[in-house]
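The values are calculated or read from the model by the stated rules, or taken from the named source; none is laboratory data. Nothing here was measured: the structure is a model prediction, and the numbers come from that model. Glycine gets a Cβ as well: all are built from the backbone with ideal geometry, and neighbour counts include every protein chain shown. The area values use the complete protein model at the heavy-atom level, side chains included, leaving out ligands, DNA and RNA. Shrake-Rupley method; radii C 1.70, N 1.55, O 1.52, S 1.80 Å.
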Amino acid sequence: METTTAESYMEGLYADDPVLERVKEVIRTNNMPEISIAPGYGRLLTMLVRMIGSKKVLEIGALGGYSGICLARGLQAGGKLVSLELKQEFADVAKQNVADAGLGEFVEYRIGEALTHLNELLVQGERFDFFFIDADKVNYPNYLELAIQLANPGAIIAGDNTLMRGKVVDANQTKTSVQAMRSFNKLIATDPRLESTILPAYDGLALARVK
Ligand SMILES: C[S@@+](CC[C@H](N)C(=O)[O-])C[C@H]1O[C@@H](n2cnc3c(N)ncnc32)[C@H](O)[C@@H]1O
């Protein structure tokens with residue numbers, strides 16, 4: 001028998017989401033990593049994007065499109081999600097899943113190193129209302145700095161996996177990625193350009209508002 005956790009109890013209160021369940025199934029059948037955002041945080045992304053009236057959203061790390069669907073669901077009419085993904089084959093799956101969810105016209109994928117695209121967007125003068133950081137952990141501090149530079153005033157920056165399954169609180173963990181996440185968390189908490197909080201549920205979610 002599966003143990004009931006606080007998270008599984010909360011999940012049990014919600015009806016299944018057939019669109020997102022299907023995304024997870026497609027990810028499994030394509031042998032992609034099963035590391036989409038937790039359902040509770042997916043719902044939070046949709047709510048936050050909608051609550052601040054986001055028209056332009058930037059995602060770093062698409063995988064199979066699970067969080068992309070959550071973000072696109074909250075967009076204002078005429079809004080757009082730009083999603084950055086390293087792997088063409090993952091972006092292809094995400095694109096199909098987003099299209100199957102009826103959201104294809106609102107989402108654009110850019111393939112390759114996220115840092116390259118972020119710097120290009122900066123040069124192009126693009127600005128965004130909402131950011132979701134969910135890619136390679138070593139670059140989280142770099143992604144945060146570029147997100148702040150690309151942000152409209154009042155923009156929200158969300159970052160997933162801030163606990164790295166407990167590694168960030170374990171002093172014996174010294175890998176570069178863990179150290180980068182500790183730096184990211186510290187920046188979220190102390191950068192004077194931000195007001196913020198970090199939620200310790202699931203794998204940890206940072207939420208910051210650019211002043
Ligand atoms: C945790 S998964 C994203 C999950 C997705 N946000 C969701 O919740 O549905 C991380 C993704 O980041 C991508 N990624 C890793 N390094 C990257 C980089 N340097 N630039 C762009 N994407 C990268 C991976 O290929 C992977 O698809």
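Please give the calculated 222 nm ellipticity per residue for the chain, where each DSSP H segment of at least 4 residues contributes -39500 (n - 2.57) and the sum is spread over every residue; nearest 500 deg cm²/dmol?
Values: 8 runs with 89 residues, N = 211.
One gets -13000 deg cm²/dmol as the mean residue ellipticity at 222 nm.
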Cα centroid of segment 1-67 to Cα centroid of segment 176-202, whole Å: 22 Å
Ordered by number, the GluC sites (Glu not before Pro) in segment 9-101 that occupy a DSSP loop and have at most 12 other Cβ atoms within 10 Å are E34
By the Cα gyration tensor axes a ≥ b ≥ c (a/c under 1.5 gives rounded; else a/b larger than b/c gives prolate, otherwise oblate), the shape of segment 139-207 is prolate
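At a Förster radius of 25 Å, what calculated FRET efficiency corresponds to the Cβ-Cβ distance of I35 and Q124, to the nearest 0.05?
Details: r = 30 Å, r/R0 = 1.20.
Once rounded, the FRET efficiency stands at 0.25.
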Could you please state how large a percent of the accessible area of the chain is carbon and sulfur, counting protein chains only and using a 1.4 Å probe? 53 percent
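Send over a whole-number figure in Å² for the accessible area per residue of the chain, probe 1.4 Å. Show your work: numbers first, answer last.
Numbers: 10550 Å² over 211 residues.
Averaged over the residues of the chain, the accessible area is 50 Å².
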Note, K95: beta-carbon cut-off 15 Å, +1 each Lys/Arg, -1 each Asp/Glu, net -3
Under the 7 Å Cα-to-Cβ spin-label approximation, L199 and A77 lie apart by a distance in nanometres of 2.9 nm
Identify which of N161, N97, N119 has the largest mean-square fluctuation in a Gaussian network model of the chain, with springs joining Cα atoms closer than 10 Å. N119
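Pairs on different chains or at least eight residues apart, Cα atoms closer than 15 Å: how many lysine pairs in segment 1-159 fit? Provide the component values of the computation, followed by the final result.
Values: K24/K95; K55/K80; K56/K80; K80/K95; K87/K95.
Taking the Cα cut-off of 15 Å, the pair count is 5.
With N set to the residue count of segment 37-210, report its C-alpha Rg divided by 2.2 N^0.38 Å to two decimal places. Can you show the working numbers first?
Working: Rg = 15.0 Å, N = 174, 2.2 N^0.38 = 15.6 Å.
In units of the globular-protein estimate, segment 37-210 measures up at 0.96.
How charged is the neighbourhood of V49? Take every other residue with its Cβ under 15 Å from the Cβ of V49, and add Lys/Arg as +1 and Asp/Glu as -1.
Numbers: positive: R43, R50, K55, K56, R73, K80, R209; negative: E59, D129, D134, D160.
Every neighbour counted, the sum reads +3.
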Of R182, R193, R43, the one that fluctuates the most in a GNM where the chain has Cα springs shorter than 10 Å: R193
